[in-house]
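Down below is the structure, laid out as structure tokens.
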Amino acid sequence: MEISLVAEDKEHQAIDKSLHKAPTLPFSNSCVSFQKENAIQEVEPRPPHEALFLVLVYLPLFELLAMSEVCVSLRDAVHKDVLPWLNIIVQRPLSLRLSDEILMKITSKANGRLKTLALMNCLRITDDGLQSVIDTNHHINKLYIPGCTGLTPEGVIRAVKTLSEHHSLKSLRINGVYNIKREDLETLRAYFQMNLSQKEQQRQQLIPFKYRNSPVFRNDESDPMIDVDICPKCNDVRMVHECPRDTCKRKEELVSMACRGCNLCIPRCEQCGRCTLQSEEVEETGCGDTLCSECWLQLPKCNFCNRPYCTQHNNRQYRDSSSSGFVCDTCREIY
Ligand SMILES: [Zn+2]
Ligand SMILES: [Zn+2]
Ligand SMILES: [Zn+2]
Ligand SMILES: [Zn+2]
Ligand SMILES: [Zn+2]
């Protein structure tokens with residue numbers, strides 16, 4: 001755990017350096033070759049292979065920034081080319097460090113042509129920071145700001161209003177922005193309706209359960225226009241899911257009985273999304289999420305406590321080459 005934190009901190013330092021236009025490596029414009037015994041040896045300076053420049057457009061932001069540190073020609077390619085900057089997706093580990101100022105710097109590279117702005121759990125972004133980006137980029141069609149707790153409903157509405165004036169916005173994610181009320185959601189929907197065709201408005205309104213609270217960006221054209229809805233059980237604005245359980249689906253016609261609601265109103269198996277209210281025993285996991293028996297049986301278990309991790313948390317498995325299987329966080333501390 002400590003090791004990963006240290007590694008993450010190093011990554012943060014790298015980002016800061018890159019964003020503040022740190023000088024490139026001392027052997028600028030040269031390449032480095034790795035020999036079999038891992039010794040690093042300097043060779044004659046040569047420009048990077050041409051194919052590398054084609055790859056830049058497809059790189060995630062963190063890797064793109066890292067590339068700009070490799071040598072002068074890559075740095076110039078990254079900073080001068082507009083294409084790699086049209087879809088900006090900020091997720092961990094960058095999200096924790098992203099400030100309004102850095103966001104402005106990154107987005108300015110798109111020269112007003114930004115199409116996707118996805119800020120996943122970027123806690124430090126404020127309403128004004130977001131609005132400055134929106135004011136200079138009127139063609140954003142995907143605005144994803146889930147878990148950006150520094151934003152307010154007013155700030156989100158202001159941003160969406162600006163984009164709706166330019167008819168660009170197609171999809172909005174705001175789950176995790178605090179204090180969004182029913183009226184706010186209705187205002188947001190009204191701005192959307194100005195933009196979308198009848199067909200687009202009929203797009204499926206529920207977000208697939210497998211994506212709930214996911215801090216990772218995904219690009220899915222079948223996504224709903226807005227990722228939150230009014231929960232029919234508690235009337236709060238949250239992510240609302242339908243139940244994939246067959247017996248629940250049959251009750252869907254009777255709205256009063258439908259197993260449809262937010263995560264607080266209807267506890268669900270983390271893995272498959274089936275409700276666990278009236279069902280079989282709920283099983284324990286190493287990550288604290290609950291699973292239905294069926295999903296529990298299928299997942300690999302910790303060698304000591306026999307508890308599985310759900311798929312979302314299986315990066316917490318500790319594996320050791322001397323044995324098969326894995327050990328969970330808790331057991332690793334004890335044994
Ligand atoms: Zn609810
Ligand atoms: Zn399940
Ligand atoms: Zn159900
Ligand atoms: Zn364990
Ligand atoms: Zn889990």
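Given the structure, is LYS181 among the basic types (Lys, Arg), over 20 Å from THR116 (Cα atoms), modelled with pLDDT under 90 and not assigned by TED's automatic domain parsing to the domain that holds CYS272? Criteria not met by LYS181. The helices (runs of 4 or more DSSP H) found entirely in region 116-195 that carry 2 or more residues being more than 19 Å from PRO224 (Cβ to Cβ) are 127-136, 153-165.
Scanning region 296-307 for residues that are under 14 Å from VAL327 (Cα atoms) and without any contact (Cβ under 8 Å) to a residue 24 or more places away in the chain, we see that the one that is nearest to ligand 2 (Cβ to nearest atom) is ARG307.
When you go through (1) at pLDDT 90 or above; (2) within 15 Å of ligand 4 (Cβ to nearest atom); (3) not in a loop (DSSP other than H, G, I, E, B) one by one for CYS305, which number turns out not to apply? With (1) at pLDDT 90 or above; (2) within 15 Å of ligand 4 (Cβ to nearest atom); (3) not in a loop (DSSP other than H, G, I, E, B) applied to CYS305, the lone miss is (3).
Sub-7 Å Cβ pairs linking a first residue in region 271-286 that is assigned by TED's automatic domain parsing to the domain that holds ASN303 and modelled with pLDDT under 85 to a second residue that is more than 14 Å from ligand 5 (Cβ to nearest atom) and aliphatic (A, V, I, L, M), at least 6 apart or interchain, are LEU277/ILE266, ordered by first then second residue.
The values are calculated or read from the model by the stated rules, or taken from the named source; none is laboratory data. Computed from a predicted model, the values in this text were never measured in an experiment. Counting neighbours? That spans all protein chains shown, and the Cβs are built from the backbone with ideal geometry, glycine included.
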